1. On full extension of the chain, what length is gained from LYS15 through LEU74, given 0.36 nm per residue of separation minus the C-alpha to C-alpha distance?
2. Given 0.36 nm per residue, what is the gain on full extension from GLN25 to GLU54 after removing their alpha carbon distance, in nm?
3. Near the amide H of LEU82, under 5 Å away, which other amide H atoms are found, from residues 5 or more places off or on another chain, if H is placed in the peptide plane?
4. GLU84 to LYS99: extension gain in nm, 0.36 nm per residue of separation minus the Cα-Cα distance?
5. Per residue, how big is the convex hull of the stretch 10-52 when only Cα atoms are used? Give it in Å³.
6. Can you tell me, using C-alpha contacts under 8 Å and at least 6 residues apart, the relative contact order of the stretch 1-70 as a whole percent?
7. List the chymotrypsin sites (Phe, Trp or Tyr not before Pro) in the stretch 1-38 that DSSP assigns to loop (not H, G, I, E or B) and whose Cβ has at most 11 other Cβ atoms within 10 Å. Which are they?
8. Give, in whole angstrom and from largest to smallest, the semi-axes √(5λ) of the equivalent ellipsoid of the chain, with λ running over the eigenvalues of the Cα gyration tensor.
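No lab work stands behind these numbers, since they all come straight from the coordinates. This structure is a prediction, so every number in the text was calculated from the model and none was measured. With ideal geometry, Cβ positions are generated from the backbone for all residues, glycine too; neighbour counts draw on all protein chains shown.
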Amino acid sequence: QVWKKSMDLITGIYKLTEKLPQKEQFGLISQTNRCAVSIAPNIAEGAGRNTNGEFNQFLGIASGSLFELETQLLISVRIGYLKESEITPSIDLTKEIHKMLIGLKKK
């Protein structure tokens, strides 16, 4: 489920970054998309590892990417590229995914 939600997050982030100015193509757009795209693959790679320790390590990386993504979105609002109401669904989804990752790590 957490992987599926992460995939949904990627789709939403790509739609958001399409609204950013073209001058940010190699800055904020690229960085924001990279953060989003790294979450689901890290969950998948961790699930394919042989030990719980390795799995937890990749879940930790995914979690770090979530926080980085949230920061990129907040920067977009502070700069005036996006409205807070535009990023709220993605921020809410990052928080939900983070809770799910914590739950997975505890199992």
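1. Numbers: separation 59, 0.36 × 59 = 21.24 nm, distance 1.59 nm.
Roughly 19.7 nm would be gained on extension.
2. Numbers: separation 29, 0.36 × 29 = 10.44 nm, distance 3.39 nm.
Extra length from GLN25 to GLU54 when fully extended: 7.1 nm.
3. For LEU82, whose amide H was placed from the backbone, the distant partners under 5 Å are VAL77.
4. Numbers: separation 15, 0.36 × 15 = 5.40 nm, distance 2.18 nm.
The span from GLU84 to LYS99 would gain 3.2 nm if fully extended.
5. Numbers: hull volume 2.6 nm³, N = 43.
Cα convex hull per residue, to the nearest whole number: 61 Å³.
6. Working: 57 pairs, mean separation 21.6, N = 70.
It comes to 31 percent, rounded to a whole number.
7. Numbers: sites: TRP3, TYR14, PHE26; in loops: PHE26.
In loop regions of the stretch 1-38 (DSSP not H, G, I, E or B), the sparsely surrounded chymotrypsin sites (Phe, Trp or Tyr not before Pro) are PHE26.
8. On the way: eigenvalues 142, 34, 21 Å².
With the √(5λ) rule applied to the chain, the semi-axes are 27, 13, 10 Å.
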